[in-house]
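Worksheet for the structure shown next.
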Amino acid sequence: MGLSIFEFEKSTTLADGPSRQLAQRQVHAMKGLMQHDHPLTLQRVLRRMRTYHARSRFITVSQSAGPTQTTFESIVSRVDRLCQALKQLGVEPGDRVATLAWNSREHLELYLAVPCMGAIIHTLNPRLFSEQLAYVIDHAEDRVIFVDDSLVPILAPLLARLKSVRACVVIGDGEASSLEGANRYEDLLTAQEPREFDYPLISDTSAASLCYTTGTTGNPKGVLYSHRSLVMHSMAVCMPDVTGIHNADRVLQIAPMFHVNGWGLPYAATMVGADLIMLGHSTQPELIAQVVAQQQVTFTAAIPTVCAELLRYADTERPDLSSLRMIWCGGAPVPSFLIEGFEKRHRVQVIQGWGMTETSPLALVARPPSGIKGDDQWRYRSAAGRPHPLIDVRIVGDDRTELPWDGKSIGELQVRGPWVASAYFRDKGADEKFDGGWLKTGDVATIDGEGYVRIVDRVKDLIKSGGEWISSVELEGQLMTHPDVLEAAVIGRPDARWDERPLACIVLKSTSSDTGADLARYLSGRVAKWWIPEQFAFVDSIPKTSVGKFDKKLLRALLKEGKLVGVPWSQS
């Protein structure tokens, strides 16, 4: 007797052993009569840009020169030339081609040309320490590096020690004399014939893109995406339950293209023919607001710190954000005040997403269930979200047993799916990050009966006090709802009696005179009494990682060195 759909999904999602083997035998009993021989590669995105979306627009906004505009047709013709230039530089299928670049037309052209000619684009994070940058270039064995002229000073000191790099290409008109023998991007393109490149036939399981984690612990780890995973991810991003990006949208690319495929937006927008707008590397709220108004932006995506600055600017300056239908916010837990503030005061919907470099990044989306409106929706929208239909999730206890979806049981979140990494690039020593086909995320979470995941904390950021866990994420979220708090990051400090107690690092608004006692009273009734910090550290700013998250590793180091001092609120 065959399995029902429900029984099949349950057996392949939750079970191991005989039931899964039975499901697999049933799946392989007969093949469907479909055209399975058409590979899902990024060449399809390029082809659609050439044939269906030739008139869609790409716009670059510069503070000094203003906006410049071109069409997808023009970009595709330049991609043809770029592929010829890459071949001229000796790039072969499977070679890694690195980009050290901000968001730009040239970076988009590289996003398309490198994988479509069969090579692998490796996006370098310019905010990594020089040692980490040299490590990932050598580890990936990059053959060619494309570098923005403004980032030449970062690359130049490293070149002599890099083992695999054969050529460098400078993007822009700035000084490049420190890169001896470097080519100019525009010169390379001008020298090529104006013809369509002869694109090779590529398997959709072939590698297309390489991105390294930010390496907060140990060396960065490489995540090697396939053509198939990127195409499927692009389609998933455009689903109505995710972003709903479509041909009539005007997408503002704020998320940096060097970080997790630019959140998938460069490929998603070009696939459906949405206009694409870029600001270089600026995240200034006044420029973002100005571009939204002038270019009638309908969609953008950014991390919470950028969104918080935009909200504060919008609250005081009241810019025209009427065209903006949605902000996709993620990269760190999104405080509820951001979601409610944009919607209630500016009629802009903020949708929280959760993911990581290893998940391409889309995994969870925090949309409320059908029919939930009014104040009831905020409980759902403040969660990390429910998994995308093609993503499976589970939480696992310390003994590796799967925990129930009751909204109370706390365990490590694990995920799997067609755009989730199965291993790290050339790093077998990191096998402990994978558990029988599941990715161990390092996040501690609960899952309720409706499938909503709530991130309690990162494993390494949880505070264990008197044998009980305190969520730094929850404390930060509550503190940042205080009207005088600009930013809040919570870490554990050693305590002789309780092992650890929370230390709240606070950035106050310039006009504020609040003390630790005021903040402790504010937290009373919002969190458990024993969660309330006895000490607050008032600081001018909170250090950030290369992708804009609170750098708690550095905060803990400063505390250990005595450079971060908590003041008991009874004395503050």
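The values are calculated or read from the model by the stated rules, or taken from the named source; none is laboratory data. Everything numeric in this text was worked out from a predicted model, so none of it was measured. Cβ: placed from backbone, ideal geometry, glycine included. Neighbour counts: every protein chain shown.
Which residue is farthest from residue 111 (Cα to Cα), if the candidates are limited to region 62-77 and must be in contact (Cβ under 8 Å) with a residue 40 or more places away in the chain and surrounded by fewer than 21 Cβ atoms within 10 Å (Cβ to Cβ)? Within region 62-77, the match that is farthest from residue 111 (Cα to Cα) is 63. Of all residues in region 478-492, those that are within 16 Å of residue 532 (Cα to Cα) have Cβ atoms under 6 Å from Cβ atoms of residues that are among the charged types (D, E, K, R), 6 or more apart or on another chain, in 478/526; 488/476; 490/476; 491/552; 491/556; 492/500.
Taking the criterion of being of a type in the set (A, V, I, L, M), touching a residue at least 60 places away in the same chain (Cβ under 8 Å) and more than 21 Å from residue 474 (Cβ to Cβ), the only residue of region 366-394 that qualifies is 390. Among residues of region 444-478 being assigned to a strand (DSSP E or B) and among the hydroxyl-bearing types (Ser, Thr, Tyr), the one that is modelled with the highest pLDDT is 446. Among what's in region 193-226 and is touching a Cys at 6+ places or on another chain (Cβ under 9 Å) and surrounded by 18 or more Cβ atoms within 10 Å (Cβ to Cβ), pick the residue that is nearest to residue 39 (Cα to Cα). By that ranking, first place goes to 202. Scanning region 539-570 for residues that are in contact with a helix residue (DSSP H, G or I) (Cβ under 8 Å, 6 or more places away or on another chain), of a type in the set (A, V, I, L, M, F, W, C) and modelled with pLDDT of 90 or more turns up 542, 564. Set side by side, the residues 242, 223 differ, and just one is hydrophobic (A, V, I, L, M, F, W, C) and closer than 24 Å to residue 142 by Cβ, which is 223. Which residues, counting only those in region 479-507, are of a type outside the set (A, V, I, L, M, F, W, C) and in a strand (DSSP E or B)? Result: 487, 492, 493, 494, 495, 499, 500, 501, 502.
Against the test of being under 21 Å from residue 425 (Cα atoms) and out of contact with any Phe, Trp or Tyr (no Cβ under 7 Å at 6 or more places or on another chain), the options 133, 151, 112, 124 yield a single qualifying residue, 133. Report yes if some residue within region 416-429 is farther than 28 Å from residue 231 by Cα and modelled with pLDDT under 90; otherwise report no. Looking through region 416-429, at least one residue is farther than 28 Å from residue 231 by Cα and modelled with pLDDT under 90. For residue 235, the stated conditions do not hold, so it cannot be described as assigned to a loop (DSSP other than H, G, I, E, B) and touching a residue at least 12 places away in the same chain (Cβ under 8 Å). For region 163-191, filtered to residues that are in contact with an Asp or Glu (Cβ under 8 Å, 6 or more places away or on another chain) and at pLDDT 95 or above, the residue that is farthest from residue 102 (Cα to Cα) is 164. Scanning region 132-154 for residues that are touching a strand residue (DSSP E or B) at 6+ places or on another chain (Cβ under 8 Å), more than 17 Å from residue 186 (Cα to Cα) and of a type in the set (Asp, Glu) turns up 141, 142.
Evaluate region 293-306: report whether one residue or more is in contact (Cβ under 8 Å) with a residue 60 or more places away in the chain and more than 28 Å from residue 59 (Cβ to Cβ). No, region 293-306 contains no residue that is in contact (Cβ under 8 Å) with a residue 60 or more places away in the chain and more than 28 Å from residue 59 (Cβ to Cβ). Do we find that residue 358 is acidic (Asp, Glu), touching a residue at least 24 places away in the same chain (Cβ under 8 Å) and within 21 Å of residue 460 (Cα to Cα) in this structure? Judged against the criteria, residue 358 is a match.
What about residue 226, is it in the same structural domain as residue 93 (by TED's automatic domain parsing), touching an Asp or Glu at 6+ places or on another chain (Cβ under 6 Å), modelled with pLDDT of 95 or more and among the polar types (S, T, N, Q)? In short, no. Of all the listed residues (152, 147, 165, 169), the sole one being among the aliphatic types (A, V, I, L, M), within 17 Å of residue 110 (Cβ to Cβ) and surrounded by fewer than 21 Cβ atoms within 10 Å (Cβ to Cβ) is 165. Among all residues of region 394-406, there is none that is within 20 Å of the chain's Cα centre (by Cα) and either surrounded by fewer than 17 Cβ atoms within 10 Å (Cβ to Cβ) or at pLDDT 90 or above (or both).
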